[in-house]
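Trainee: If you scroll down you'll find the structure; I have some questions about it.
The values are calculated or read from the model by the stated rules, or taken from the named source; none is laboratory data. None of the values given here were measured: they were computed from a predicted structure. Glycine also receives a Cβ, built like all others from the backbone with ideal geometry; neighbour counts cover every protein chain displayed.
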Amino acid sequence: MSTPEFGYKDESYYKTPWKTYQGHNADPIDTLDTPLIIEVAPCGSFINRDLNPNQPYVAEEVAEQSIGAIEAGASMCHLHVRRADGIPDASPKTIVNTIKLIQKEYDPITTINVRSNIEGATFGVPLLHQTIGKILDEYGPGYVDMVTTSPLGDALDPRAPFVMNPDILQDWVTFLQDNDLKPELMAYSYKAYPRIKRWLVDTGILKKPYYVNTTCGDHAYFTSGPSTPHPWGALYLASMWETNPLPREHTIQGSVVGGRNWLPLTVEAIMMGYRVVRIGMEDTVYRYPHKNEKIENCKQVVETVVNICENLGRDIATPEQARKILGV
């Protein structure tokens, strides 16, 4: 009985030129070829120690978390600070003291949020005069590099951080840039992008490069874009990346993902080519989407993302590289 033969008897089948593997001829894919800027956010305004006992509050705790994150690979610090009872403290003295503690060890890019319920300044440039203006007047430059803002706002809440229309946003951005501060623009929904283009880019007010963060998931007291179920969060990030009207060559796009699914969606953003990721304990309690293991510290979070980037072959930006990329 003869032994059956498997496969093609005619070896020429495997030697036909057009049947050879072609994958090696593909051009390199450029989505991972730029250094990733990691922006750490140690603390927000709404997650308290009842939700995560490891949540930092006061200046010394926020600075310690920032320093650990920088040691792990972060190059930017998005800073909120709170009182010992957990209430936000956005006073110029507290902000500057926090940054001074960080600057004893490192010199990262620093970015802050400002609050509207300070000395009656509801919104716009009067608010900036009461916050960043006081920092500059009383302490001088060299502490804050960026201030967040958005073309979206809650007009029904007079205490909202952002109450915006074209005139307010244009004056806000002009004030920041006149004081050598870069606007960190937040896109809480898609309509932020066309507004940024119409109100700031087409008018020539916003200086290049434009830095805009796409937000997704749970932030503060609201939800910004879907994060579950898979793949809707990834599709949301992809649509914001691919279809926004800003010129790609002049735009630095970041991702800010809050809630349980922060890690998978941050990895999705990294693989899509987002230039910045904001991570930390600002809007996130758990390390993983499928486990109730709470984040211990921001260094742990940054190390997780750095390890993933190393396996993907994507470099991590140093503070010096981040300043050059963002034009700070």
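Trainee: Tell me, please, whether a residue that is within 26 Å of Cys309 (Cα to Cα) and at pLDDT 90 or above can be found in region 82-90.
Mentor: For region 82-90, residues within 26 Å of Cys309 (Cα to Cα) and at pLDDT 90 or above: absent.
Trainee: Of the residues Lys191, Lys208, Lys197, which is of a type in the set (Lys, Arg) and in contact (Cβ under 8 Å) with a residue 60 or more places away in the chain?
Mentor: Lys208
Trainee: Sticking with this one: Of all residues in region 177-213, how many are more than 25 Å from Gly140 (Cα to Cα) and of a type in the set (S, T, N, Q)?
Mentor: The number of residues fulfilling the criteria is 3.
Trainee: Another one. Consider Lys299 carefully, then state whether it is in a helix (DSSP H, G or I), of a type outside the set (Val, Ile, Thr) and modelled with pLDDT of 95 or more.
Mentor: So Lys299 fits the description; yes.
Trainee: While we're on this one: Of all residues in region 212-221 being without any contact (Cβ under 8 Å) to a residue 60 or more places away in the chain and within 19 Å of Pro42 (Cα to Cα), which is surrounded by the most Cβ atoms within 10 Å (Cβ to Cβ)?
Mentor: Residue satisfying both the conditions and the ranking: Cys216.
Trainee: Also, I was wondering about something else. Kindly establish whether Ser239 is crowded, with 20+ Cβ neighbours inside 10 Å and farther than 25 Å from Thr110 by Cα.
Mentor: Details: crowded, with 20+ Cβ neighbours inside 10 Å: no; farther than 25 Å from Thr110 by Cα: yes.
Answer is no for this residue.
Trainee: Among the residues of region 262-284, is any over 14 Å from the mean Cα position of the chain (by Cα) and in a loop (DSSP other than H, G, I, E, B)?
Mentor: So far as region 262-284 goes, no, none of its residues is over 14 Å from the mean Cα position of the chain (by Cα) and in a loop (DSSP other than H, G, I, E, B).
Trainee: Another question, if that's okay. All but one of (1) under 22 Å from Thr34 (Cα atoms); (2) at pLDDT 95 or above; (3) surrounded by fewer than 20 Cβ atoms within 10 Å (Cβ to Cβ); (4) not hydroxyl-bearing (Ser, Thr, Tyr) hold for Gln253, so report the exception by its number.
Mentor: All conditions are met except number (3).
Trainee: Which condition does Pro209 not pass, out of (1) modelled with pLDDT of 95 or more; (2) crowded, with 19+ Cβ neighbours inside 10 Å; (3) under 16 Å from the mean Cα position of the chain (by Cα), if it passes all the others?
Mentor: In the conditions (1) modelled with pLDDT of 95 or more; (2) crowded, with 19+ Cβ neighbours inside 10 Å; (3) under 16 Å from the mean Cα position of the chain (by Cα), Pro209 misses (2) alone.
Trainee: Also, I was wondering about something else. Does region 244-254 contain any residue that is touching a Leu at 6+ places or on another chain (Cβ under 9 Å) and under 30 Å from Asn179 (Cβ atoms)?
Mentor: Keep residues of region 244-254 that are touching a Leu at 6+ places or on another chain (Cβ under 9 Å), which gives 252-253.
When the remaining residues are screened for being under 30 Å from Asn179 (Cβ atoms), the result is 252-253.
Taking every residue of region 244-254 in turn, at least one turns out to be touching a Leu at 6+ places or on another chain (Cβ under 9 Å) and under 30 Å from Asn179 (Cβ atoms).
Trainee: Can I ask one more? Could you please find all residues in region 72-91 being small (Gly, Ala, Ser) and over 12 Å from Asn113 (Cβ atoms)?
Mentor: Once the filter is applied, which keeps residues that are small (Gly, Ala, Ser) and over 12 Å from Asn113 (Cβ atoms), region 72-91 yields Ala72, Gly73, Ala74, Ser75, Ala84, Gly86, Ser91.
Trainee: Checking the structure you have, find out if any residue of region 234-242 is of a type outside the set (Gly, Ala, Ser), in contact with an Asp or Glu (Cβ under 8 Å, 6 or more places away or on another chain) and assigned to a helix (DSSP H, G or I).
Mentor: The answer is yes; a qualifying residue exists.
Trainee: May I pose another question? Would you pick out the residues in region 209-226 that are among the hydrophobic types (A, V, I, L, M, F, W, C) and in a loop (DSSP other than H, G, I, E, B)?
Mentor: Correct list: Ala220 only.
Trainee: To continue, here is another question. Going through region 60-109 one residue at a time, which ones are free of Cβ contacts under 8 Å to residues at least 60 places away in the same chain and closer than 16 Å to Arg278 by Cβ?
Mentor: Val62, Cys77, Leu79
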